[in-house]
Each structure stands twice: as C-alpha cells, then as structure tokens.
Amino acid sequence: MSMKDIIKGKAYVLGNDIDTDQIIPAQHLVYSLSHPEERKMYGRYALSSVPEVQAGLPKGGIKFVEGGEDRSEYDIIIAGKNFGCGSSREHAPVALNIAGVEAVVAESYARIFYRNVVDGGFFIPFETDEHLCREIKTGDVIEIDVKKGLVKNLTMGKQYKLQPLGDVEAILRAGDIFAYARQEGMLRR
Amino acid sequence: MGMTLTEKILARHANKKSVSPGDNLWVDVDVLMTHDVCGPGTIEIFRREFGPNARVWDREKVVIIPDHYIFTTDVYARRNIDILREFALEQGIRYFYDVGSPEYKGVCHVALAEEGHTRPGEVLFGTDSHTCTAGAFGEFATGIGNTDAGFIMGTGRLWVKVPPTMRFVFDGEMPSYLMAKDLILHIIGDMGVDGATYKAMEFTGEGISMLSVEEHMTLCNMAIEAGGKNGIIAPDDKTLAFVRQRTNRAFEVVYGDHDAGYESVKVYHLKEMEPVVAKPHSPDNKALVREVKGTRIDRCYIGSCTGGKMEDFKAAARIFRRNSVKVETYVVPATTEVERRLREETMDGETLYSIFEKAGAKISDGASCAACLGGPADTFGRLSGSEVCISTTNRNFPGRMGSKQSQVYLASPLTVAASAVRGVITDPREFV
Ligand code: SF4
C-alpha cells in the first residue's frame, strides 16, 4: 500500500469500544488468507457482529457489507474511543482491508489493533480529538487530506483536524514493517 | 531516576543502559508463541517475506501451542492444525504441543507456564492478546498480530515503544471470599476498558505477595482488558521455585529500581473490597455481586486461561463439595495437566473431578479454550441463543461466547460456583 494524499469515500459511523469480536466474529477466523475465494469471506463478515442499534450511526441497523457481498460500499470508518479492543487477531484489520476500508478515523485505538494496522499496512489509522461519531452520519461523503491533516465532511460542508501520525508515519509510508525494515537496512533481501 | 521493572527488561533486551517511556526500541525476543488461530497466518507472512525455504531464527524459541479450535469437526479448523504440524516438522520446532499426541497441552498461556517457557527477566511475544498473562513471572510479555509475529520468526527482533508504568498496590490481607479475578475486575471497572492503553500495569503490595502463582497469572491475564500493554509482578520466592521446577534454562531475575518513576500509583485496601462482576457486555461494566444478586441465569461456565486453572477449580470445589448445581454448569480444564490433577487431587478425601461430577456439572472431555471465544457451532459450552451466563472467562463482548443474543457476566470462580448452586447470581460470602 502506498499512502495516498487524498482519501475520499463514504463514511460508516460506529461508537466507542468496537472490539475485534464485533469486527470479525471468532467462528470466521478459520478461513485461509492466501486462498483467493476463502479470503473474501473476511470481507463478507467484516463488522457483522456489531449490535444492530450501533451498526451505522446515528440510525443504526445499517449493514456494513450487504448480504452475499464481500466489499463494503463504505471506504472510511468513523469511530469513537478504543477502536479494535479485545483479541490480537490480525484478521480484524485484514477483514476491514478486504472489505475495502482505506482509512479509519477514531478518537483512540486499542494498542494491539493499532500496531497490526500499522505494521501490516492495512489502512491508515487516524486519530482525532473531535467526537466525529456524533458529527458525521453514515453515508456522508468524506475527504481526508493526509498532508494537511484534515477530514472534511463534504455532505455537510464541515472540516475537522486530525492528529499527526507521528512515529508510525514512516512505516505506513514504506508500506509495512518489512518494507520499512528493508528501507532502514535492518533486513537484507 | 531509576527504571521500573518493565523499563529495565526492555532496556536490557535493547542493549541500552537506560530507557524512558515513549522511546522506540528494537528488542531481542526470548520466546515467540503462536497457536492454531494465528499460527497459519503468521507462517504465511513469514514465508512470503523470507522466502519458501526460510528457517525460523531459533527453533527452540518458537513455541507452538494449538488450543483454540481443537475438539471440533470443522474442516477449516482442522486444516489450521495440519498447517502447524507440517511447519513444526519442517522447521524442527522443539516445542510443539500437537493435538492428539501425548504432548498436547491446551490453553497456551497456562501451557507456557506449566512447560517452563515463562521466565523472569525475559521478553515474550505471542499472537494472542492474553500473552500478558506471563507478566506474572516478572517478564515483559505482550500480544501481537501475525505480521509482527512473522517478522520475529525471521529476525528474532521487534520494535516496541516503552510504556509508562501504572502501579497498583494491594494493602492488607487477602480475604477468603476474594480472588484475583475480583481485584482485576475492580481495577478495570475503575479505569475503563481503555484506562491503561499503551501502559504497563504493575501489581504489588502485601495482598499480592499472599496470592499464588496462578492467581498472579489471573491478574496479569486481564491487563489487556484495561487496554494495558503488559501486566507485571516482581517475582517472589514461590514464583522462582515454580519456574525452576519447570525449566533448566538459565534466566536472570530483574527487579525495578527503588527510585523508578511511575505514571500513577493507586492503592486498594483489600478489607474494603467485595466480590464483583462485570455485567454484559463489557469487562469494565462493574457491579458488586450484592448489587446484582438474584439475577436469573441459565448457565455457568468455569474455564479458560483466566478461570480454568487448578486454583480456580479448587475455589469452585469449596462450594460444590456440599452442594449441587441448579443450572447447567460447564467445567473446562485449561490444560491436560489441570485435567489430570482434577482426577488426582482431593478435597476431604474426594477428587475434584468427582466433586464436580456429583454436583451435576458437565466436565469437558479434553482441555482447550472451548466456549471462551465461541468458536465453531459444535464447541463445548458455546452459547447459541439468548442465554444468560456467568463465567470465569475474561471477555463478555457481544457474541464473544458464541451468540450475539446471549448475555455474559464475568466473575470469580467462587462467585460462579455460588451462583451455579443457587441458580441466580449469588454472593460467595453465603458459602465461604
Ligand atoms: S481461554 Fe479464552 S482468552 Fe484464553 S487464550 Fe483461549 S480463547 Fe483466549
């Protein structure tokens, strides 16, 4: 993944403490990621265990991935605090990646999830101090200006500040931890 | 200023004299653990990045423990175990606890300790968030994903950011009705599920030194439920004795400095504490047991790395030995060693196994994670409808134990056993 300067797409909005069991329920952890057909199952079941009322705020009851599909129509996830808490399963960021997510904007992340996103280069995990999950509605069109550190709600004509990516930006720009380690001369090959 | 226990271990493994919270370091890894859920993905990434003929950095330092989806006919789950088996053979992995063999162990975090892979002063990474359990042995232990694990497999190293340490002091003696589970649920309830995000949680005080090695494991196990990077306890004599009994490998014990800097210090007085539960659907949804007592339940579950160890079953047996269960009660030993000891160790002349059987509990035929994380439909004890369950496990997120409609309360083995006997949530002080 090379980092885009502008990420644009439809938002899917979630609340606080979205854990990895909600992102990809445990019974689906058995499919092989190297098998092209099985791999799609992770996209199909991405966010399938989020309770109805919280799925696609503010209304709720909105499916992230339509039944039988394996890509989501939403490219950007907006979430509250502690996104990705719970198990260390990398299947969670991978499932979002397979479903087509390019960026998540959350108030904070659980540590292991955040590491997995960065070291695997699955999407860009932005943080913000704004309570965007109360500001943005599922389906709003969002544009993230990576260089300027801004997220714009094109539907509502509002914009908000993102926190700098900090230390991890180098890894995200390289692509993943392997590319970064090679770039830094820590891995030969 | 001196360093905390966590800082000191990380500094040593990065070959640095001193480190501070926030520093990014590359550390040398002593043990990498993986299991059947994340092992295959890790192996795939390892091969993709280091080539089809790559060798792991040290075949004695990669420990593979299948434990999650074991007793199921699910074809994908079985295939994962085949992948581990083939890899272990190809790489000459010394510590592979294969399913169906006499080496089979069960739940990885308990197995790591029983088999001597948890040693003071070391750095342990595992592809499971509850790898923090091993902090009970005075080491730095934390969970990682497949990409990081694949990186370690090839290099023996990983970058870490040094966490600041939060200190939790337990003053006074441990009352007989409290268990480590109550203490940690209390802390998580006070701080919230993200209260310790990125931080080390160090447990200390008179109360802690009274607790057994297994109870220390329970405390550290749930550090992740407060978002913690690692839980850690300075090793005491009984911990060192436990480790020495189980490994011949040399290790260097590390202690924190007296003038170490802590981000926060919180003191709990044990005599003021009461048994607690975490209500559905979050480990920080704390209530005192007496506040929810009488809540109707359909099922009790005693098992997992948090609540399926010998100490947990001994606590439950204290209540079951004179009482029968009123609701379906599932008992799942974490490891084959626990399973064996349930049949050997006695209370008032009766084996624990027979105490559970006579009380009417259903005992799993085999050690594994079982319904702690739901799993395939045929998993022992899995919730499949709108059951209300009280469980000794560590997570009660929606759907965690199998069904999105179910409701799970987390509690200590004493509280779960007392509740099993009454058929409603019950304060263990009615029995002990
Ligand atoms: S028992 Fe539960 S928490 Fe422990 S390793 Fe297994 S699934 Fe994870």
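DSSP assigns beta bridges within the protein assembly as shown; of those with both partners inside it, close to 35 percent run antiparallel.
Remark: the protein assembly as shown carries a charge dipole of roughly 560 debye about the Cα centre, counting +1 on each Lys and Arg Cβ and -1 on each Asp and Glu Cβ. Can you tell me what share of the DSSP beta bridges in region B:277-430 is antiparallel? A percent to the nearest 5 is fine. Expressed as a percentage, antiparallel bridges in region B:277-430 total about 30. Cβ under 12 Å from B:CYS108's Cβ, B:CYS108 left aside: what net charge do those residues give with Lys, Arg +1 and Asp, Glu -1? After counting each charged neighbour, the total is -4. When DSSP beta bridges are restricted to pairs lying wholly in chain B, around 25% turn out antiparallel. Taking 0.36 nm per residue of separation and subtracting the Cα-Cα distance, full extension of the segment from B:HIS269 to B:TYR255 would add 2.6 nm.
Averaged per residue, chain B has 33 square angstrom of accessible surface, using a 1.4 angstrom probe with ligands and nucleic acids left out. Its Cα centre serving as origin, region A:6-125 has a Cβ charge dipole (Lys and Arg +1, Asp and Glu -1) of approximately 160 debye. Residues of region B:384-406 that bury at least 10 Å² of accessible area when the other protein chains are present, relative to the chain alone (probe 1.4 Å, heavy atoms, ligands and nucleic acids excluded): B:ARG395, B:PHE397, B:PRO398, B:ARG400, B:LYS404. Shape of region B:5-267 from its Cα gyration tensor (a ≥ b ≥ c, root eigenvalues): rounded if a/c is under 1.5, otherwise prolate when a/b > b/c, or oblate? Since a/c reaches 1.5 and a/b is larger than b/c, the shape of region B:5-267 is classed as prolate. When you filter the GluC sites (Glu not before Pro) in region B:320-354 for DSSP loop state and at most 16 other Cβ atoms inside 10 Å of their Cβ, you are left with B:GLU345.
Within region B:211-257, report the GluC sites (Glu not before Pro) that DSSP leaves as loop and that have at most 13 other Cβ atoms within 10 Å. Those that pass, being in a loop and sparsely packed, are B:GLU252.
Summary value for region A:6-183: 24 percent relative contact order, contacts being C-alpha pairs under 8 angstrom separated by 6+ residues. The residues neighbouring B:ASP58, those whose beta-carbon lies less than 11 Å from its own, together hold a net charge of +1 under the Lys/Arg +1, Asp/Glu -1 convention. Of the residues B:PRO413, B:GLY374, B:PRO333, the one whose Cα sits farthest toward the positive end of the charge dipole of the protein assembly as shown, with +1 on the Cβ of Lys and Arg and -1 on the Cβ of Asp and Glu, is B:GLY374.
Pairs of Cα atoms nearer than 8 Å and 6+ residues apart set the relative contact order; for region B:158-276 it is 41 percent.
Picking from B:SER384, A:PHE113, B:GLY121, whose Cα lies most toward the positive end of the charge dipole for the protein assembly as shown (charges on Cβ: Lys, Arg +1; Asp, Glu -1)? Of the listed residues, the answer is B:SER384. Relative contact order (percent) for region B:277-430, with alpha-carbon contacts under 8 angstrom and 6 or more residues of separation? Averaging sequence separation for qualifying contacts and normalising by length gives 34 percent for region B:277-430. For region B:15-46, a drop of 40 Å² or more in accessible area on going from the chain alone to the assembled protein chains (1.4 Å probe) is found at B:TRP26, B:VAL37, B:GLU44. Projecting the Cα atoms of B:MET217, B:ASN15, B:ALA196 onto the charge dipole of region B:5-267, computed from C-beta unit charges around the Cα centre, puts B:ASN15 farthest toward the positive end. Note on B:LYS238 and A:GLU135: with the Förster distance fixed at 56 Å, the Cβ-Cβ geometry gives a FRET efficiency of about 0.55. Per residue, the solvent-accessible area of region A:6-183 (1.4 Å probe, heavy atoms of protein chains only, all protein chains present) comes to 37 Å². Once you've got the GNM for chain B with C-alpha springs shorter than 10 Å, pick whichever of B:VAL265, B:VAL19, B:VAL408 has the biggest mean-square fluctuation. Answer for the Gaussian network model of chain B: B:VAL265. Between chain A and chain B, roughly 3800 Å² of accessible surface gets buried, counting both sides and using a 1.4 Å probe. Determine the shape class of region B:292-432: with a ≥ b ≥ c the square roots of the Cα gyration tensor eigenvalues, call it rounded for a/c under 1.5, and otherwise prolate if a/b is greater than b/c, oblate otherwise. Taking the square roots of the gyration eigenvalues as a ≥ b ≥ c, region B:292-432 is oblate.
Using the structure shown, select from A:LYS4/B:LYS199; A:LYS81/A:LYS161; B:LYS61/B:LYS309; A:LYS59/B:LYS161 the pairs with a Cα to Cα distance greater than 28 angstrom. Where the Cα-Cα span goes over 28 Å, the pairs concerned are A:LYS4/B:LYS199; A:LYS59/B:LYS161. Quick check: from the Cα gyration tensor, does the protein assembly as shown come out rounded (a/c under 1.5), prolate or oblate? Judged from the Cα gyration tensor, the protein assembly as shown comes out rounded (a/c under 1.5). For chain B, carbon and sulfur atoms together expose 45% of the accessible surface, with a 1.4 angstrom probe and every protein chain in place. The trypsin sites (Lys or Arg not before Pro) of region A:55-140 that DSSP puts in a loop, and whose beta carbon has at most 13 other beta carbons within 10 Å, are A:LYS59. Given +1 at the Cβ of Lys and Arg, -1 at the Cβ of Asp and Glu and no other charges, the dipole of chain B around its Cα centre is 540 debye to the nearest 20. Contact residues in region A:26-72 by the 50 Å² criterion (accessible area, 1.4 Å probe, full protein complex versus chain alone): A:GLN27, A:VAL30.
The values are calculated or read from the model by the stated rules, or taken from the named source; none is laboratory data. Keep in mind the model is a prediction, meaning the values are calculated, not measured. A quick note on method: Cβ atoms are made from the backbone with ideal geometry, for glycine too, and the neighbour counts reach across all protein chains shown. Each accessible area value is taken on the protein alone, full model and side chains, heavy atoms only, with ligands, DNA and RNA left out. Shrake-Rupley method; radii C 1.70, N 1.55, O 1.52, S 1.80 Å.
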